[in-house]
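Only one structure is covered here, and it is reproduced in the block below.
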Amino acid sequence: MFKLLHSGVSYLVVLLVLFTFINAIVKLRTKDSYKKNDYYIAFTASLLVKMQLVLGLLSYYFSSYYETLRQVGFKAVMKDSTLRFFIMEHPLMMVLAISLIVLGFYNHKKQTDDVKKFKILAWYFGIALVFILSRIPWAQWFN
Ligand code: HEM
């Protein structure tokens, strides 16, 4: 149940984070001003990743991976690439990405200069996107 939700919300997360990033880059290049829409795009993305954090933690807790971790211990998990990915790499990188998105959203809100707002969105969301794309279990997701 949580895994299914986590999987479905991932599509929205990837699309919205990508959209916020591209939007910021386009607005910087065209020297467009910051409008309400720009705020709502970034706001929705930051809200969705917070939801995804909760869903991720629940998926983690109820997954067979967590059960395995409890049974075999951390050292054994680190020796297996699949277990290491789902128990360590995926959650850690995603938590980092989510922190960047939330920080970027709050930092951009504080700025009064439009260019600075878009620069902050582009950097924070751009780096977060790289983290997310690098640690998505693509094969399992599209299976
Ligand atoms: C931006 C945030 C995140 C994205 C985009 C994301 C994306 C995904 C995707 C696409 C899958 C594969 C789903 C499937 O098999 O159909 C997955 C699985 C999983 N994710 Fe995440 N995730 C995120 C954050 C997290 C966090 C923060 C945690 C834990 C703290 C987490 C824990 C897990 C676990 C344990 C699985 C495997 C579930 C299972 O196969 O039983 N994820 N994630």
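Here are some notes:
- Eligible lysines near Lys75 by straight Cα distance, threshold 23 Å, same-chain separation 8 or greater: none
- Only lysines eight or more places from Lys117 in sequence, or on another chain, were considered; those with a Cα closer than 28 Å are Lys27, Lys31, Lys35, Lys36, Lys50, Lys109.
- Sum of side-chain charges, Ala42 neighbourhood, beta-carbon under 12 Å (Lys, Arg +1; Asp, Glu -1): +4
- Entry note, the chain: the mean residue ellipticity at 222 nm calculated from DSSP H runs of n ≥ 4, each adding -39500 (n - 2.57), is -27500 deg cm²/dmol after division by the residues and rounding to the nearest 500.
FYI, it's all coordinate maths here, none of it is from the lab. These numbers were taken from a predicted model, which means no experiment stands behind them. Cβ atoms come from the backbone with ideal geometry, glycine included; neighbour counts cover every protein chain shown.
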